[in-house]
Amino acid sequence: MTATSLATEGRQAIGALIAPRSIALVGASPSSYVGRVLCENLRSLRYEGPVYPVNPRHEEVMGWPCYPSVEAIPEPPDAVVAAIAFQRVPGVLRAAGERGTTAAVVPGGGFTETGPTALQIQEEIAAVAAGYGMAVCGPNCMGVIAPTHRSAMYIGTIPPSLLPGNVALVSQSGSVVEAAVNMGPRVGFSALVSCGNEAATTVGQYLQFFARDNETKAVTLFIEGFRDPTGFMEGARALRRAGKPLAVLQAGRSRESAAAIAAHSGSLAGTDEVVTGLLHQLGAIGVDDLDELFEVAELLGHGRLPKGRRLFVITDSGGEATLVADLARGMGLHLPPPSTRLAERLRARWPNFSYIGNPIDPWGVDPNFKLLYGEIVGASVDEDVDVVAVALDKVTTWAGENEVDLGLAAASALIAATSPQPWTKAAASPRA
């Protein structure tokens, strides 16, 4: 088999992880937490394919007929979840592979941390996957969710707030996927993959899959260490060729955290300098913490990317304007001074506008802040910049009524300023 055909087979197998036509749940149960949640998630997402619970102790689980073994299922399942004691996992995967199954999820813990026995079983899983051309998510993972396909092989609860969208998340840490699933309706996801120990399918292979996936426009990655550095670089380059941004948060850049990662997942972490240089070389977006990763995911999910580093910022505080200017400089962003045209337009409207700069703080210039911020945001979109941003404080669900109204007014002004007018066919401005 050629390298090209192997790559094609691998993508098809990962496709069965993301959008399986049918799913076998080995270890399904109406009472045990993992066995029950796997079933509940498919019910709540209204998964449309056949579901085959497998457990010799039950005749049915949540309304689905239950089978005593993988061999007893009436048709070959596209994907299988092995939610069982890890000693039994290789045998279940082998039985599924014999029937033509091309994707599997091995959730839960028990690998690497428990010593030689678990490592040996992990090697068996890798051998079975290679022998049958099977994509395996895990072991030691939470599983996979594909909101756009209403599919999940996932052992955590999926809330109704999880949105379908065009951002994929791949994470070696299951808790990071849990955080994304439960952070509320901020980011629409095409898929969330808790890849775990990568016994068979690696981060790089997931990246290559998403580079070709029509549902995915951007990828976010939480990585603790590099099991396959070459594969990671190939995946990142594939995304870059596809024009899909990749945002990366890498943990383990200190000596102490690197040691913990080696014990937890068996992978090697990279130093801060090496990883930063590598991400720059690959054209990836490096972030420093989880909040930043999700914020970048939220921005990438809107699909409009800035063409450069020139920024125009509107605030409601002189002190915050100064802080924004400092932060922008530290991040290598440029704050060009307002154009003469903008300054003259604002002073013609408000003669007492004392300082017109970038960032600009118009607070107090006009008591009608809806009119004030609408005018300034609308005018700033015509500036020769790449991004127009509004930075406001106090915009929370528990803020005062006036503060909330200010936030809504500023947001409405941004939407109006960057949306095509009904009498034109122009695309929305990329600056918002």
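For region 341-359, filtering for residues that are open to solvent by less than 100 Å² (accessible area, probe 1.4 Å), of a type outside the set (A, V, I, L, M) and under 42 Å from the mean Cα position of the chain (by Cα) leaves 3. Hey, any hits in region 307-317 for a residue that's under 20 Å from residue 390 (Cβ atoms), part of a helix (DSSP H, G or I), out of contact with any Leu (no Cβ under 9 Å at 6 or more places or on another chain) and in contact (Cβ under 8 Å) with a residue 24 or more places away in the chain? Among the residues of region 307-317, not one is under 20 Å from residue 390 (Cβ atoms), part of a helix (DSSP H, G or I), out of contact with any Leu (no Cβ under 9 Å at 6 or more places or on another chain) and in contact (Cβ under 8 Å) with a residue 24 or more places away in the chain, which makes the answer no.
Of the residues making up region 30-53, just one is modelled with pLDDT of 95 or more, within 14 Å of residue 84 (Cα to Cα) and outside any helix (DSSP H, G or I), namely 53. When 324, 296 are screened for being part of a helix (DSSP H, G or I), touching a residue at least 12 places away in the same chain (Cβ under 8 Å) and in contact with a Pro (Cβ under 6 Å, 6 or more places away or on another chain), only 324 passes. Among residues of region 88-113 that are more than 18 Å from residue 141 (Cβ to Cβ) and open to solvent by less than 40 Å² (accessible area, probe 1.4 Å), those with a beta-carbon under 8 Å from a residue that is assigned to a helix (DSSP H, G or I) and at pLDDT 95 or above at least six positions away or on a different chain give the pairs 95/70; 95/71; 97/128; 97/131; 97/132. Within region 64-87, the set of residues being modelled with pLDDT under 95 and surrounded by fewer than 17 Cβ atoms within 10 Å (Cβ to Cβ) comprises 85, 87. Across region 383-414, the number of residues qualifying as at pLDDT 90 or above and assigned to a loop (DSSP other than H, G, I, E, B) comes to 4. Might you let me know whether region 189-197 holds any residue that is surrounded by fewer than 24 Cβ atoms within 10 Å (Cβ to Cβ) and either among the aromatic types (Phe, Trp, Tyr) or in a helix (DSSP H, G or I) (or both)? Looking through region 189-197, none of the residues is surrounded by fewer than 24 Cβ atoms within 10 Å (Cβ to Cβ) and either among the aromatic types (Phe, Trp, Tyr) or in a helix (DSSP H, G or I) (or both). Just so you know, in region 295-313 the residues that are under 22 Å from residue 191 (Cα atoms) and touching a strand residue (DSSP E or B) at 6+ places or on another chain (Cβ under 8 Å) include one that is most open to solvent (accessible area, probe 1.4 Å), and it is 303.
Of 43, 21, all but one fail to be open to solvent by 50 Å² or more (accessible area, probe 1.4 Å), in contact (Cβ under 8 Å) with a residue 24 or more places away in the chain and not acidic (Asp, Glu); the exception is 21. Of all residues in region 325-338, those being over 33 Å from the mean Cα position of the chain (by Cα) and surrounded by fewer than 16 Cβ atoms within 10 Å (Cβ to Cβ) number 1.
Counting the residues of region 88-126 that are farther than 22 Å from residue 73 by Cα, at pLDDT 90 or above and more than 29 Å from the chain's Cα centre (by Cα) gives 3. Go through the residues of region 199-215 one by one and say whether even a single one is open to solvent by 10 Å² or more (accessible area, probe 1.4 Å) and more than 30 Å from residue 96 (Cα to Cα). No, region 199-215 has no match at all. In this structure, does residue 50 turn out to be touching a Gly at 6+ places or on another chain (Cβ under 7 Å), open to solvent by 50 Å² or more (accessible area, probe 1.4 Å) and within 14 Å of residue 23 (Cα to Cα)? In short, no. Mind checking whether some residue in region 219-232 is assigned to a helix (DSSP H, G or I), surrounded by fewer than 23 Cβ atoms within 10 Å (Cβ to Cβ) and of a type in the set (Gly, Ala, Ser)? Yes, there is a match, as at least one residue in region 219-232 is assigned to a helix (DSSP H, G or I), surrounded by fewer than 23 Cβ atoms within 10 Å (Cβ to Cβ) and of a type in the set (Gly, Ala, Ser). Filtering region 360-370 to residues that are open to solvent by 60 Å² or more (accessible area, probe 1.4 Å) and not in a loop (DSSP other than H, G, I, E, B) leaves only 370.
The values are calculated or read from the model by the stated rules, or taken from the named source; none is laboratory data. From a predicted model like this one, the values you see are computed outputs, not experimental measurements. Note that each Cβ is placed from the backbone with ideal geometry, even for glycine, and that neighbours are counted across all protein chains shown. Side chains are part of the model used for accessible areas, which takes the heavy atoms of the whole protein and leaves out ligands, DNA and RNA. Shrake-Rupley method; radii C 1.70, N 1.55, O 1.52, S 1.80 Å.
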